[in-house]
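To keep things clear, I will list the structure first and then write my remarks on it.
The values are calculated or read from the model by the stated rules, or taken from the named source; none is laboratory data. Worth saying up front: this structure is predicted, and the values here are computed from it rather than measured. FYI the Cβ positions are ideal-geometry reconstructions off the backbone, even for glycines, and counts take in every protein chain you see. Areas reflect the complete protein model, heavy atoms only, side chains present, ligands, DNA and RNA absent. Shrake-Rupley method; radii C 1.70, N 1.55, O 1.52, S 1.80 Å.
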Amino acid sequence: MKRPQGRGLESARKHIASCLTELESILKSADFLRSCFDESCEGDIDDKTTASGFEPIGFDAMLNSRLSAPTPPRAIKILSWKKAVGYFVKLLHDLDVICSYSLDPHLESLLRFVVQFQKSQPDLVARSHLQILNHVNIVEQLLLVQDGKLYGRDPFFAVINKAAALPEATKNHDIQKNESFLQLGMVLVMNLLKILCTNAAWQRRKLGKFLQDWRVIYVQLELAFRNEYGEVSSSSNDENTCMKIFQHILLWVEEQTYWIAFRFLILGFELELYSTGEYCMVYWYLYAVLIKLTEKTHLMMAVSHDTAKRKGKKKKDSPKDLARESRIPPAVLFLQCYICLAEGLTMMLAALRNEIPVFHSPSPFNTEHEKFVQHFELLQRACIPDHVSYPSYKESTTHARFS
């Protein structure tokens, strides 16, 4: 699996299939091993550390507690043999999912794959094969990032070019030497991939702080655009190219920022960080973020479609093509479904709270305003979205009623 540029993934899948077959044989051997002993084994066989049910010869379960300095001595629970086999089966299945990935250079597909992969709650071993691990004097290059490139073959500027729907001609443009662009590719995108490969709790904590970096880079890119290309003659082709690059990149950075904010809020549900009394404000904030994310996604898709259309150089559009253009893209429709759900749940919970006192039980420890700050402080610092605050939340939910 550690061969450069994913060249060993097909071979790794064959080894994984072989390992799974061996593990299946191990499970089937349990009845035979138990039949080899005349004595009956006491207790539930599923809790035993061997398939035969008898204590392993020459193995001390307390050995680990003595070797795990500088922690205090403690009893370490050893997995039963069935759980141990089950652990390796799941680990191998997770590694097989990684090996079956097509190494798609499109960043959107990659982010979707990593998020979907995390839903299976993979083990640290499987997750570590995706990300880049930095040690004091060692850099172990794994699947996603190798030699500062995606999969060790695609420069991050080219990856961002595809994600931002830029024409192929801009791939070798001098603008990629701009400091802000270098930071965007080599720091932000690389770190985003690394964060998404961590466990859910660590991921959410890092994403919240990471939002400010994306907001800062957006401001820096905007300033760089104005300072370096704002006064170039409007007839200059280079200016037009630079303007298109900056407009596409700025739109893409905004879309990614709101996607990170959406992921941050959703992880709060997965980690059960919200109490039932806080669901109303969470769905309301989710609604506000989704509105902006849908808007930016729709704009990005329109830009991408326009770029692809120019690349095709069609002289006349057929009626089918015109009808296709007028449709809302499925990805945008999906986000609109999310918006409807978030808005409906917000209004339902607000109305229940306003009409039935039992749904509105103030906490003895902190006020609703303090809870709002605790949950959304990191989003508020990054101004995501703009003009969203606790007073605006109260104003939109105070008068919610059932007809």
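When you count, for each residue, the other Cβ atoms within 10 Å and take the mean per peptide, how do 250-256, 84-90, 22-28 rank with the highest first?
Highest to lowest by the protection proxy: 250-256, 84-90, 22-28.
Sorted by accessible area (1.4 Å probe), largest first, how do MET281, MET347 line up?
From most accessible down to least: MET347, MET281.
Among the listed pairs LYS90/LYS206; LYS162/LYS206; LYS244/LYS292; LYS2/LYS149, which have their C-alpha atoms separated by more than 18 angstrom in this model?
Violating the 18 Å limit, Cα to Cα: LYS90/LYS206; LYS162/LYS206; LYS244/LYS292.
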